[in-house]
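The values are calculated or read from the model by the stated rules, or taken from the named source; none is laboratory data. In this text the structure is predicted, and so the values were computed from the model without any measurement. Here Cβ is always computed from backbone atoms with ideal geometry, including for glycine, and neighbour counts include all displayed protein chains. Surface accessibility is based on the protein's heavy atoms, side chains included, excluding ligands, DNA and RNA. Shrake-Rupley method; radii C 1.70, N 1.55, O 1.52, S 1.80 Å.
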Amino acid sequence: MAKEQLDVLNALDVAKTQWYHFTAIVIAGMGFFTDAYDLFCISLVTKLIGRIYYQQPGAAEPGSLPSNVSAAVNGVAFCGTLTGQLFFGWLGDKLGRKRVYGMVLMVMVICSVASGLSFGRDAKAVISTLCFFRFWLGFGIGGDYPLSATIMSEYANKKTRGAFIAAVFAMQGFGILAGGMVAIIVSAAFKHNFPAPSYEADAAASIFPQADYVWRIILMFGALPALLTYYWRAKMPETARYTALVAKNAKQAAADMSKVLQVEVEAEQEKIEQQGGNDFGLFSKDFLSRHGWHLLGTTSTWFLLDIAFYSQNLFQKDIFSAIGWIPKAKTMSALEEVFKIARAQTLIALCSTVPGYWFTVAFIDRIGRFTIQIMGFFFMTVFMFALAIPYQHWTLRENRVGFVVIYSLTFFFANFGPNATTFVVPAEIFPARLRSTCHGISAAAGKAGAIVGAFGFQYAEKGIGVRNSLIILGVVNFLGLLFTFLVPESKGRSLEDLSGEAEQENAAPSESRQQEIESGTRTAPV
(Lines give C-alpha, C1' and ligand atoms only; values in the text may rest on other atoms or scores of the structure.)
Protein backbone atom coordinates (compact mmCIF):
# COMPACT_ATOMS: atom_id res chain seq x y z
CA MET A 1 0.00 0.00 0.00
CA ALA A 2 1.08 3.58 -0.51
CA LYS A 3 2.46 5.62 2.35
CA GLU A 4 0.39 8.53 3.62
CA GLN A 5 2.06 11.63 2.22
CA LEU A 6 3.25 14.32 4.61
CA ASP A 7 1.07 17.43 4.65
CA VAL A 8 4.04 19.68 3.86
CA LEU A 9 4.84 17.71 0.70
CA ASN A 10 1.22 17.55 -0.36
CA ALA A 11 0.97 21.33 0.15
CA LEU A 12 3.93 21.81 -2.19
CA ASP A 13 2.43 19.48 -4.81
CA VAL A 14 -0.93 21.25 -4.96
CA ALA A 15 0.23 24.83 -4.28
CA LYS A 16 -0.90 27.47 -6.74
CA THR A 17 1.78 29.24 -8.72
CA GLN A 18 2.82 32.28 -6.72
CA TRP A 19 5.46 34.98 -6.51
CA TYR A 20 7.95 32.83 -4.65
CA HIS A 21 8.10 30.33 -7.51
CA PHE A 22 9.15 33.10 -9.90
CA THR A 23 11.68 34.41 -7.38
CA ALA A 24 13.22 30.93 -7.16
CA ILE A 25 13.36 30.71 -10.97
CA VAL A 26 15.27 34.00 -11.17
CA ILE A 27 17.66 33.14 -8.31
CA ALA A 28 18.47 29.69 -9.71
CA GLY A 29 18.26 30.90 -13.30
CA MET A 30 20.88 33.61 -12.91
CA GLY A 31 23.32 30.87 -11.98
CA PHE A 32 22.57 29.19 -15.28
CA PHE A 33 22.84 32.50 -17.10
CA THR A 34 26.39 32.73 -15.71
CA ASP A 35 27.11 29.05 -16.47
CA ALA A 36 26.24 29.44 -20.14
CA TYR A 37 27.99 32.78 -20.48
CA ASP A 38 31.22 31.42 -18.97
CA LEU A 39 31.20 28.13 -20.87
CA PHE A 40 30.44 29.54 -24.32
CA CYS A 41 32.11 32.98 -24.31
CA ILE A 42 35.51 31.30 -24.71
CA SER A 43 34.58 30.33 -28.28
CA LEU A 44 34.21 34.04 -29.10
CA VAL A 45 37.78 34.94 -28.15
CA THR A 46 39.95 31.94 -29.04
CA LYS A 47 40.77 33.33 -32.49
CA LEU A 48 41.76 36.66 -30.92
CA ILE A 49 44.01 34.89 -28.39
CA GLY A 50 45.58 32.99 -31.28
CA ARG A 51 46.36 36.24 -33.10
CA ILE A 52 47.86 37.87 -30.00
CA TYR A 53 50.03 35.03 -28.73
CA TYR A 54 50.68 32.75 -31.72
CA GLN A 55 51.38 35.19 -34.54
CA GLN A 56 54.36 34.25 -36.73
CA PRO A 57 56.11 37.24 -38.38
CA GLY A 58 55.74 37.15 -42.15
CA ALA A 59 53.11 34.38 -42.15
CA ALA A 60 50.45 34.47 -44.87
CA GLU A 61 47.66 33.81 -42.36
CA PRO A 62 46.96 35.34 -38.93
CA GLY A 63 48.12 33.47 -35.86
CA SER A 64 45.83 30.78 -34.50
CA LEU A 65 45.82 28.42 -31.54
CA PRO A 66 47.47 25.05 -32.25
CA SER A 67 44.96 22.17 -32.25
CA ASN A 68 46.06 20.84 -28.87
CA VAL A 69 45.96 24.30 -27.27
CA SER A 70 42.56 25.11 -28.79
CA ALA A 71 41.14 21.80 -27.56
CA ALA A 72 42.54 22.45 -24.07
CA VAL A 73 41.20 26.02 -23.85
CA ASN A 74 37.76 24.95 -25.09
CA GLY A 75 37.59 21.70 -23.15
CA VAL A 76 39.27 22.28 -19.80
CA ALA A 77 36.21 23.99 -18.30
CA PHE A 78 34.16 20.90 -19.18
CA CYS A 79 36.63 18.71 -17.28
CA GLY A 80 36.11 20.95 -14.26
CA THR A 81 32.35 20.93 -14.77
CA LEU A 82 32.24 17.13 -14.85
CA THR A 83 34.20 16.95 -11.59
CA GLY A 84 32.03 19.62 -9.96
CA GLN A 85 28.80 17.89 -10.96
CA LEU A 86 29.85 14.66 -9.28
CA PHE A 87 31.29 16.31 -6.16
CA PHE A 88 28.65 18.95 -5.49
CA GLY A 89 25.85 16.58 -6.51
CA TRP A 90 27.00 14.19 -3.78
CA LEU A 91 27.58 17.04 -1.33
CA GLY A 92 24.09 18.43 -1.95
CA ASP A 93 22.60 15.17 -0.68
CA LYS A 94 24.97 14.96 2.29
CA LEU A 95 24.91 18.54 3.59
CA GLY A 96 21.70 19.90 2.06
CA ARG A 97 20.98 21.94 -1.06
CA LYS A 98 21.09 25.36 0.63
CA ARG A 99 24.45 24.95 2.40
CA VAL A 100 26.26 24.08 -0.83
CA TYR A 101 24.42 26.51 -3.12
CA GLY A 102 26.18 29.74 -2.05
CA MET A 103 29.56 28.01 -2.01
CA VAL A 104 29.18 27.04 -5.67
CA LEU A 105 28.32 30.60 -6.69
CA MET A 106 31.39 32.13 -5.03
CA VAL A 107 33.70 29.64 -6.76
CA MET A 108 32.16 30.75 -10.08
CA VAL A 109 32.56 34.46 -9.33
CA ILE A 110 36.19 34.23 -8.16
CA CYS A 111 37.35 32.00 -11.02
CA SER A 112 35.47 34.01 -13.66
CA VAL A 113 37.41 37.13 -12.63
CA ALA A 114 40.66 35.17 -12.33
CA SER A 115 40.25 33.80 -15.88
CA GLY A 116 40.38 37.32 -17.25
CA LEU A 117 43.40 38.14 -15.09
CA SER A 118 45.43 35.22 -16.47
CA PHE A 119 48.96 36.48 -15.97
CA GLY A 120 52.17 36.40 -17.98
CA ARG A 121 53.36 37.88 -21.24
CA ASP A 122 54.21 34.80 -23.27
CA ALA A 123 51.77 32.28 -24.72
CA LYS A 124 52.71 29.43 -22.39
CA ALA A 125 52.13 31.42 -19.18
CA VAL A 126 48.85 32.97 -20.34
CA ILE A 127 47.36 29.72 -21.69
CA SER A 128 48.48 27.73 -18.63
CA THR A 129 46.91 30.12 -16.14
CA LEU A 130 43.81 30.54 -18.29
CA CYS A 131 43.31 26.77 -18.38
CA PHE A 132 43.95 26.49 -14.64
CA PHE A 133 41.32 29.06 -13.70
CA ARG A 134 38.82 27.81 -16.27
CA PHE A 135 39.07 24.32 -14.82
CA TRP A 136 38.05 25.64 -11.39
CA LEU A 137 35.45 27.89 -12.98
CA GLY A 138 33.99 24.75 -14.53
CA PHE A 139 34.16 23.05 -11.12
CA GLY A 140 31.85 25.71 -9.68
CA ILE A 141 29.57 25.65 -12.72
CA GLY A 142 29.29 21.88 -12.34
CA GLY A 143 27.80 22.26 -8.88
CA ASP A 144 25.11 24.58 -10.17
CA TYR A 145 23.58 21.88 -12.39
CA PRO A 146 22.37 19.34 -9.80
CA LEU A 147 21.67 21.91 -7.10
CA SER A 148 19.59 24.32 -9.21
CA ALA A 149 17.59 21.50 -10.80
CA THR A 150 16.98 19.74 -7.49
CA ILE A 151 16.02 22.90 -5.60
CA MET A 152 13.55 23.96 -8.28
CA SER A 153 11.98 20.50 -8.57
CA GLU A 154 11.55 20.26 -4.80
CA TYR A 155 9.97 23.72 -4.53
CA ALA A 156 7.59 23.33 -7.47
CA ASN A 157 4.04 21.98 -7.62
CA LYS A 158 3.49 18.85 -9.69
CA LYS A 159 1.27 20.58 -12.25
CA THR A 160 3.87 23.09 -13.50
CA ARG A 161 7.09 21.52 -12.18
CA GLY A 162 8.49 20.81 -15.64
CA ALA A 163 7.98 24.40 -16.78
CA PHE A 164 9.66 25.79 -13.65
CA ILE A 165 12.76 23.57 -13.97
CA ALA A 166 12.91 24.22 -17.73
CA ALA A 167 12.64 27.99 -17.10
CA VAL A 168 15.73 27.83 -14.87
CA PHE A 169 17.58 26.00 -17.63
CA ALA A 170 16.24 28.41 -20.26
CA MET A 171 18.31 31.17 -18.69
CA GLN A 172 21.21 29.38 -20.36
CA GLY A 173 19.92 30.75 -23.66
CA PHE A 174 20.09 34.30 -22.36
CA GLY A 175 23.61 33.61 -21.11
CA ILE A 176 24.71 32.51 -24.60
CA LEU A 177 22.98 35.56 -26.09
CA ALA A 178 24.60 37.88 -23.54
CA GLY A 179 28.03 36.46 -24.33
CA GLY A 180 27.64 37.40 -27.98
CA MET A 181 26.24 40.84 -27.18
CA VAL A 182 29.04 41.67 -24.71
CA ALA A 183 31.62 40.57 -27.30
CA ILE A 184 29.96 42.77 -29.94
CA ILE A 185 29.88 45.83 -27.66
CA VAL A 186 33.44 45.45 -26.36
CA SER A 187 34.97 44.70 -29.76
CA ALA A 188 33.04 47.57 -31.40
CA ALA A 189 34.18 50.01 -28.71
CA PHE A 190 37.84 49.05 -29.13
CA LYS A 191 37.51 49.09 -32.93
CA HIS A 192 36.19 52.63 -32.74
CA ASN A 193 38.99 53.84 -30.49
CA PHE A 194 41.80 51.86 -32.11
CA PRO A 195 41.14 51.55 -35.88
CA ALA A 196 43.22 48.82 -37.53
CA PRO A 197 43.67 47.55 -41.10
CA SER A 198 43.07 43.96 -42.22
CA TYR A 199 45.81 41.38 -41.76
CA GLU A 200 46.60 41.16 -45.48
CA ALA A 201 46.91 44.97 -45.71
CA ASP A 202 49.24 45.31 -42.72
CA ALA A 203 49.84 42.24 -40.57
CA ALA A 204 51.58 44.06 -37.72
CA ALA A 205 49.02 46.87 -37.46
CA SER A 206 45.99 44.52 -37.62
CA ILE A 207 46.56 43.64 -33.98
CA PHE A 208 47.43 46.25 -31.35
CA PRO A 209 48.47 45.91 -27.67
CA GLN A 210 45.11 47.07 -26.29
CA ALA A 211 43.38 44.10 -27.96
CA ASP A 212 44.67 41.98 -25.09
CA TYR A 213 42.14 43.72 -22.84
CA VAL A 214 39.21 42.67 -25.06
CA TRP A 215 39.18 38.94 -24.34
CA ARG A 216 39.89 39.56 -20.65
CA ILE A 217 36.92 41.93 -20.27
CA ILE A 218 34.62 39.50 -22.07
CA LEU A 219 35.62 36.62 -19.77
CA MET A 220 35.40 38.63 -16.54
CA PHE A 221 31.94 40.04 -17.25
CA GLY A 222 30.47 36.62 -16.41
CA ALA A 223 31.12 37.22 -12.71
CA LEU A 224 28.66 40.12 -12.49
CA PRO A 225 25.24 38.41 -12.73
CA ALA A 226 26.35 35.62 -10.38
CA LEU A 227 27.57 38.10 -7.78
CA LEU A 228 24.27 40.00 -7.90
CA THR A 229 22.28 36.91 -6.85
CA TYR A 230 24.54 35.70 -4.02
CA TYR A 231 22.56 37.47 -1.29
CA TRP A 232 19.27 35.98 -2.45
CA ARG A 233 20.70 32.48 -2.63
CA ALA A 234 21.90 32.83 0.94
CA LYS A 235 18.35 33.83 2.01
CA MET A 236 16.62 30.81 0.40
CA PRO A 237 15.39 28.25 2.95
CA GLU A 238 16.32 24.59 2.61
CA THR A 239 13.82 22.63 0.53
CA ALA A 240 11.07 20.93 2.55
CA ARG A 241 11.65 17.63 0.80
CA TYR A 242 15.27 17.50 1.90
CA THR A 243 14.47 18.67 5.44
CA ALA A 244 11.58 16.23 5.87
CA LEU A 245 12.69 13.16 3.91
CA VAL A 246 16.48 13.28 4.36
CA ALA A 247 17.18 15.37 7.49
CA LYS A 248 13.97 13.97 9.10
CA ASN A 249 13.05 17.32 10.64
CA ALA A 250 9.32 17.78 10.08
CA LYS A 251 9.06 20.86 12.30
CA GLN A 252 11.68 22.81 10.34
CA ALA A 253 10.22 21.71 7.00
CA ALA A 254 6.77 22.88 8.02
CA ALA A 255 8.10 26.20 9.34
CA ASP A 256 10.12 26.91 6.16
CA MET A 257 7.27 26.09 3.81
CA SER A 258 4.71 28.00 5.85
CA LYS A 259 6.73 31.14 5.11
CA VAL A 260 7.20 30.25 1.45
CA LEU A 261 3.61 29.19 0.71
CA GLN A 262 2.06 31.67 3.15
CA VAL A 263 -0.16 28.94 4.64
CA GLU A 264 -0.07 27.04 7.90
CA VAL A 265 1.49 23.60 7.48
CA GLU A 266 1.30 21.04 10.28
CA ALA A 267 4.55 19.45 11.50
CA GLU A 268 4.24 15.65 11.48
CA GLN A 269 7.37 14.32 13.19
CA GLU A 270 5.64 11.12 14.27
CA LYS A 271 4.65 10.30 10.70
CA ILE A 272 8.25 10.77 9.51
CA GLU A 273 9.59 8.52 12.27
CA GLN A 274 7.02 5.83 11.43
CA GLN A 275 7.98 5.79 7.77
CA GLY A 276 10.58 3.12 7.07
CA GLY A 277 11.95 1.34 4.05
CA ASN A 278 13.22 2.71 0.80
CA ASP A 279 16.53 3.60 2.46
CA PHE A 280 18.71 1.73 -0.03
CA GLY A 281 21.97 3.29 -1.23
CA LEU A 282 23.19 4.23 -4.69
CA PHE A 283 25.22 1.05 -5.14
CA SER A 284 22.60 -1.36 -3.80
CA LYS A 285 20.67 -4.05 -5.64
CA ASP A 286 17.42 -2.29 -4.74
CA PHE A 287 18.55 0.91 -6.45
CA LEU A 288 19.69 -1.05 -9.49
CA SER A 289 16.39 -2.90 -9.80
CA ARG A 290 14.23 0.22 -9.25
CA HIS A 291 16.26 2.97 -10.93
CA GLY A 292 19.10 1.30 -12.82
CA TRP A 293 17.41 1.62 -16.22
CA HIS A 294 16.38 5.18 -15.41
CA LEU A 295 19.97 6.19 -14.58
CA LEU A 296 21.24 4.50 -17.73
CA GLY A 297 18.62 6.42 -19.72
CA THR A 298 19.39 9.83 -18.22
CA THR A 299 23.18 9.42 -18.48
CA SER A 300 23.26 7.99 -22.02
CA THR A 301 20.87 10.54 -23.54
CA TRP A 302 22.67 13.48 -21.91
CA PHE A 303 26.06 12.09 -23.02
CA LEU A 304 24.95 11.69 -26.64
CA LEU A 305 23.17 15.05 -26.73
CA ASP A 306 26.19 17.00 -25.48
CA ILE A 307 28.54 15.47 -28.05
CA ALA A 308 26.43 17.08 -30.75
CA PHE A 309 25.29 20.20 -28.88
CA TYR A 310 28.70 21.38 -27.68
CA SER A 311 30.40 20.48 -30.96
CA GLN A 312 27.93 22.75 -32.75
CA ASN A 313 28.21 25.57 -30.20
CA LEU A 314 31.96 25.69 -29.69
CA PHE A 315 32.95 25.27 -33.31
CA GLN A 316 30.16 27.03 -35.18
CA LYS A 317 32.65 29.81 -35.96
CA ASP A 318 34.78 27.24 -37.85
CA ILE A 319 31.73 25.88 -39.67
CA PHE A 320 30.62 29.38 -40.66
CA SER A 321 34.13 30.14 -41.90
CA ALA A 322 34.19 26.89 -43.87
CA ILE A 323 31.02 27.80 -45.79
CA GLY A 324 32.14 31.41 -46.20
CA TRP A 325 29.52 33.11 -43.99
CA ILE A 326 32.35 34.64 -41.98
CA PRO A 327 35.08 36.11 -44.27
CA LYS A 328 38.59 34.66 -44.32
CA ALA A 329 40.63 35.71 -41.31
CA LYS A 330 43.32 37.49 -43.32
CA THR A 331 40.74 39.87 -44.83
CA MET A 332 39.88 41.23 -41.35
CA SER A 333 41.61 42.90 -38.46
CA ALA A 334 41.72 41.03 -35.14
CA LEU A 335 38.77 42.87 -33.58
CA GLU A 336 36.74 42.82 -36.77
CA GLU A 337 36.99 39.02 -36.64
CA VAL A 338 35.78 38.97 -33.02
CA PHE A 339 32.90 41.26 -33.96
CA LYS A 340 31.76 39.11 -36.90
CA ILE A 341 32.05 35.83 -35.01
CA ALA A 342 30.04 37.30 -32.12
CA ARG A 343 27.45 38.72 -34.50
CA ALA A 344 26.96 35.34 -36.18
CA GLN A 345 26.64 33.46 -32.88
CA THR A 346 24.29 36.09 -31.45
CA LEU A 347 22.06 35.79 -34.50
CA ILE A 348 21.89 32.01 -34.07
CA ALA A 349 21.14 32.38 -30.35
CA LEU A 350 18.45 35.02 -30.92
CA CYS A 351 16.65 33.22 -33.74
CA SER A 352 16.86 29.60 -32.62
CA THR A 353 18.56 28.89 -29.29
CA VAL A 354 16.54 31.21 -27.03
CA PRO A 355 13.13 30.48 -28.66
CA GLY A 356 13.81 26.75 -28.41
CA TYR A 357 14.28 26.91 -24.65
CA TRP A 358 11.05 28.83 -24.12
CA PHE A 359 9.04 26.56 -26.40
CA THR A 360 10.05 23.80 -23.98
CA VAL A 361 8.88 25.88 -21.01
CA ALA A 362 5.52 26.44 -22.72
CA PHE A 363 4.85 22.83 -23.75
CA ILE A 364 6.69 20.52 -21.35
CA ASP A 365 3.75 20.14 -18.96
CA ARG A 366 1.28 19.80 -21.83
CA ILE A 367 2.87 17.21 -24.12
CA GLY A 368 5.40 15.72 -21.69
CA ARG A 369 9.13 15.24 -21.44
CA PHE A 370 9.29 12.03 -23.45
CA THR A 371 7.52 13.44 -26.50
CA ILE A 372 9.66 16.60 -26.55
CA GLN A 373 12.89 14.61 -26.23
CA ILE A 374 11.99 12.13 -28.97
CA MET A 375 10.88 14.94 -31.28
CA GLY A 376 14.04 16.94 -30.61
CA PHE A 377 16.44 14.09 -31.30
CA PHE A 378 14.49 13.15 -34.43
CA PHE A 379 14.66 16.61 -36.00
CA MET A 380 18.28 17.11 -34.95
CA THR A 381 19.11 13.89 -36.80
CA VAL A 382 17.15 14.90 -39.89
CA PHE A 383 18.63 18.40 -40.10
CA MET A 384 22.19 17.22 -39.45
CA PHE A 385 21.97 14.77 -42.34
CA ALA A 386 20.32 17.46 -44.46
CA LEU A 387 23.44 19.59 -43.93
CA ALA A 388 25.99 16.80 -44.27
CA ILE A 389 24.88 14.74 -47.26
CA PRO A 390 24.67 17.62 -49.81
CA TYR A 391 27.47 19.54 -48.02
CA GLN A 392 29.11 20.80 -51.23
CA HIS A 393 25.77 22.33 -52.24
CA TRP A 394 25.75 24.45 -49.08
CA THR A 395 29.28 25.79 -49.63
CA LEU A 396 28.16 27.65 -52.76
CA ARG A 397 27.70 31.35 -52.08
CA GLU A 398 24.04 31.46 -53.16
CA ASN A 399 23.12 28.61 -50.76
CA ARG A 400 24.71 29.93 -47.56
CA VAL A 401 21.47 31.38 -46.21
CA GLY A 402 19.82 27.98 -46.53
CA PHE A 403 22.69 26.37 -44.62
CA VAL A 404 22.38 28.88 -41.78
CA VAL A 405 18.58 28.37 -41.59
CA ILE A 406 18.87 24.58 -41.33
CA TYR A 407 21.81 24.86 -38.93
CA SER A 408 19.70 27.18 -36.76
CA LEU A 409 16.87 24.64 -36.74
CA THR A 410 19.20 22.01 -35.24
CA PHE A 411 19.77 24.44 -32.34
CA PHE A 412 16.05 25.13 -32.04
CA PHE A 413 15.16 21.44 -31.74
CA ALA A 414 18.09 20.78 -29.42
CA ASN A 415 16.63 23.31 -26.99
CA PHE A 416 12.98 22.51 -27.74
CA GLY A 417 14.08 18.97 -27.14
CA PRO A 418 16.74 16.97 -25.29
CA ASN A 419 18.96 19.85 -24.15
CA ALA A 420 16.15 20.91 -21.80
CA THR A 421 14.53 17.57 -20.99
CA THR A 422 17.80 15.82 -20.08
CA PHE A 423 18.20 18.52 -17.41
CA VAL A 424 14.61 18.28 -16.13
CA VAL A 425 13.98 14.54 -15.81
CA PRO A 426 16.90 13.51 -13.51
CA ALA A 427 15.65 16.07 -10.97
CA GLU A 428 12.27 14.30 -10.80
CA ILE A 429 12.63 10.53 -10.91
CA PHE A 430 15.14 9.64 -8.16
CA PRO A 431 14.64 9.50 -4.35
CA ALA A 432 15.23 12.72 -2.37
CA ARG A 433 18.31 11.40 -0.56
CA LEU A 434 19.94 10.51 -3.92
CA ARG A 435 18.31 13.11 -6.17
CA SER A 436 21.19 15.60 -6.32
CA THR A 437 23.77 12.80 -6.66
CA CYS A 438 21.92 11.11 -9.54
CA HIS A 439 21.37 14.43 -11.30
CA GLY A 440 25.09 15.13 -10.89
CA ILE A 441 25.97 11.74 -12.36
CA SER A 442 23.62 12.31 -15.32
CA ALA A 443 24.98 15.82 -15.89
CA ALA A 444 28.58 14.55 -15.60
CA ALA A 445 27.84 12.02 -18.33
CA GLY A 446 26.65 14.96 -20.42
CA LYS A 447 29.88 16.84 -19.79
CA ALA A 448 31.83 13.73 -20.76
CA GLY A 449 29.97 14.02 -24.06
CA ALA A 450 30.84 17.73 -24.22
CA ILE A 451 34.53 16.83 -23.73
CA VAL A 452 34.27 14.31 -26.57
CA GLY A 453 32.65 17.04 -28.68
CA ALA A 454 35.17 19.74 -27.74
CA PHE A 455 38.26 17.61 -28.26
CA GLY A 456 36.90 15.24 -30.90
CA PHE A 457 35.40 17.80 -33.29
CA GLN A 458 38.62 19.82 -33.17
CA TYR A 459 40.53 16.90 -34.71
CA ALA A 460 37.68 15.39 -36.74
CA GLU A 461 37.12 18.61 -38.68
CA LYS A 462 40.77 18.72 -39.72
CA GLY A 463 41.15 14.96 -40.16
CA ILE A 464 37.95 13.87 -41.92
CA GLY A 465 36.42 17.23 -42.86
CA VAL A 466 33.29 19.13 -41.84
CA ARG A 467 30.95 16.95 -43.94
CA ASN A 468 31.96 13.65 -42.32
CA SER A 469 31.99 15.28 -38.90
CA LEU A 470 28.36 16.37 -39.41
CA ILE A 471 27.40 12.84 -40.49
CA ILE A 472 28.88 11.48 -37.25
CA LEU A 473 26.89 14.03 -35.24
CA GLY A 474 23.73 12.91 -37.07
CA VAL A 475 24.37 9.29 -36.04
CA VAL A 476 24.97 10.40 -32.45
CA ASN A 477 21.60 12.20 -32.42
CA PHE A 478 19.85 9.08 -33.69
CA LEU A 479 21.39 6.98 -30.90
CA GLY A 480 20.08 9.58 -28.43
CA LEU A 481 16.59 9.03 -29.81
CA LEU A 482 16.86 5.27 -29.17
CA PHE A 483 18.13 5.62 -25.60
CA THR A 484 15.26 8.00 -24.78
CA PHE A 485 13.02 4.91 -24.51
CA LEU A 486 14.75 4.10 -21.20
CA VAL A 487 13.55 7.35 -19.61
CA PRO A 488 10.11 7.44 -17.87
CA GLU A 489 7.50 10.13 -18.37
CA SER A 490 7.21 12.27 -15.25
CA LYS A 491 4.51 14.77 -16.28
CA GLY A 492 1.88 15.44 -13.62
CA ARG A 493 3.18 13.00 -10.99
CA SER A 494 4.53 13.80 -7.53
CA LEU A 495 8.25 13.38 -6.88
CA GLU A 496 7.57 10.77 -4.18
CA ASP A 497 5.41 8.75 -6.54
CA LEU A 498 8.04 8.89 -9.29
CA SER A 499 10.91 7.92 -7.00
CA GLY A 500 9.02 5.17 -5.17
CA GLU A 501 9.14 6.99 -1.84
CA ALA A 502 5.32 6.97 -1.78
CA GLU A 503 5.37 3.15 -1.62
CA GLN A 504 5.96 0.93 1.38
CA GLU A 505 8.96 -1.38 1.14
CA ASN A 506 7.98 -4.66 -0.54
CA ALA A 507 4.41 -3.43 -0.88
CA ALA A 508 2.00 -2.91 -3.71
CA PRO A 509 2.53 0.02 -6.06
CA SER A 510 1.04 3.39 -5.24
CA GLU A 511 -2.36 4.23 -6.69
CA SER A 512 -1.05 6.31 -9.60
CA ARG A 513 1.63 3.68 -10.33
CA GLN A 514 -1.09 1.01 -10.37
CA GLN A 515 -3.14 3.14 -12.78
CA GLU A 516 -0.11 3.49 -15.03
CA ILE A 517 0.44 -0.27 -15.08
CA GLU A 518 -3.23 -0.99 -15.80
CA SER A 519 -3.45 1.62 -18.57
CA GLY A 520 -0.21 0.53 -20.21
CA THR A 521 1.41 3.96 -19.97
CA ARG A 522 4.99 3.85 -21.32
CA THR A 523 7.84 3.82 -18.84
CA ALA A 524 11.21 2.18 -18.53
CA PRO A 525 11.46 -1.18 -16.73
CA VAL A 526 11.96 -0.90 -12.98
A correct Karplus calculation of ³J(HN,Hα) over the stretch 139-149, with 6.51 cos²θ - 1.76 cosθ + 1.60, θ = phi - 60°, whole Hz and x for Gly and Pro, returns 4, x, 4, x, x, 5, 4, x, 6, 4, 5
Would you work out which of Y213, P57, L12 lies farthest towards the positive end of the dipole of the chain? Charges go on Cβ: Lys and Arg +1, Asp and Glu -1. P57
So how far apart, in nm, are the two label points at Q252 and A201 if each is 7 Å from Cα heading toward Cβ? 6.6
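How big is the charge dipole of the stretch 118-232 about its Cα centre, in debye rounded to the nearest 20, if each Lys and Arg gets +1 on its Cβ and each Asp and Glu gets -1 on its Cβ? Intermediate values should be presented prior to the final figure.
Values: 8 positive and 6 negative charges, 84 e Å.
Computed charge dipole of the stretch 118-232: roughly 400 debye.
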May I ask for the distance between the Cα centers of the stretch 186-265 and the stretch 152-166, given as a whole number of Å? 22
Place +1 on the Cβ of every Lys and Arg and -1 on the Cβ of every Asp and Glu in the chain, take the dipole about the Cα centre, and give the residue among F430, V73, A166 whose Cα lies farthest towards its positive end. V73
Around Y37 (Cβ within 14 Å, Cβ-to-Cβ, excluding Y37; K/R +1, D/E -1) the net charge comes to -2
Given Cβ charges of +1 for Lys and Arg and -1 for Asp and Glu, the option among L224, V26, A334 whose Cα lies farthest towards the positive end of the dipole of the chain is A334
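Using Cα pairs closer than 8 Å and at least 6 residues apart in sequence, work out the relative contact order for the chain, in percent. Show your work: numbers first, answer last.
Values: 964 pairs, mean separation 134.0, N = 526.
The value is 25 percent.
Tally Lys and Arg at +1 and Asp and Glu at -1 over the other residues with C-beta under 10 Å from the C-beta of G162: what net charge comes out? Walk me through the intermediate numbers first.
Details: positive: K158, K159, R161, R366, R369, K491; negative: D365, E428.
Surrounding charge for G162 is +4.
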Expressed as a whole percentage, what fraction of the accessible surface of the stretch 120-245 belongs to carbon and sulfur atoms when a 1.4 Å probe is rolled over the protein heavy atoms? 70
Taking 0.36 nm per intervening residue step and subtracting the Cα-Cα distance, what contour gain separates Q392 from A125 on full extension? 92.0 nm
Quick one: check the C-alpha center-to-center distance for the stretch 422-492 versus the stretch 355-415, whole angstrom. 16
Contact order relative to length for the stretch 84-184, counting C-alpha pairs under 8 Å separated by 6 or more residues, stands in percent at 32
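Can you give the extra length, in nm with one decimal, that the chain gains between I185 and V401 once fully stretched, where that is 0.36 nm per residue apart less the Cα-Cα distance? Let's see the in-between values first.
On the way: separation 216, 0.36 × 216 = 77.76 nm, distance 2.50 nm.
75.3 nm is the gain from fully extending I185 to V401.
Could you list the trypsin sites (Lys or Arg not before Pro) in the stretch 381-433 that lie in coil according to DSSP, counting only those with at most 11 other Cβ atoms within 10 Å of their Cβ? It would help to have the intermediate numbers written out before the result.
Numbers: sites: R397, R400, R433; in loops: none.
Those that pass, being in a loop and sparsely packed, number zero.
When ligands, DNA and RNA are left out and all protein chains stay put, how many square angstrom of accessible area per residue does the chain have with a 1.4 Å probe? Walk me through the numbers on the way to the answer.
Details: 20010 Å² over 526 residues.
That works out to 38 Å² for each residue.
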Looking at (i) 32.9; (ii) 38.2; (iii) 23.5, which value of mean projected area of the Cα convex hull in nm² comes from a calculation on the structure shown? (iii)
Helix 250-261: inclination vs the chain longest Cα principal axis, degrees, rounded to 10, gives 60
Percent carbon-and-sulfur accessible area, the stretch 397-489, ignoring ligands, DNA and RNA, probe 1.4 Å: 75
Between A362 and F22, with labels modelled 7 Å along Cα→Cβ, what's the label distance in nm to one decimal, could you check? 1.8
When each of K158/K259; K98/K248; K16/K235; K248/K491; K16/K259 is checked by Cα-Cα distance, pairs over 25 Å: K248/K491
Taking 107-115, 230-238 and ranking on average Cβ neighbours within 10 Å, highest first, one gets 107-115, 230-238
Rounding to the nearest 20 debye, state how big the charge dipole of the chain is about its Cα centre with +1 on each Lys and Arg Cβ and -1 on each Asp and Glu Cβ. 1180
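How charged is the neighbourhood of S333? Take every other residue with its Cβ under 13 Å from the Cβ of S333, and add Lys/Arg as +1 and Asp/Glu as -1.
Details: positive: K47, R51, K191, K328, K330, K340; negative: E200, D202, E336, E337.
Summing Lys/Arg as +1 and Asp/Glu as -1 gives +2.
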Which value, in Å² rounded to 10, gives the accessible area of C438 with a 1.4 Å probe and all protein chains present? 0
Contour minus end-to-end for L224 and M103, with contour as 0.36 nm per residue of separation and end-to-end as the Cα-Cα distance? 42.0 nm
Restricting to lysines and to Cα separations under 17 Å from K191, and discarding same-chain partners fewer than 8 apart, the set is K47, K330, K340
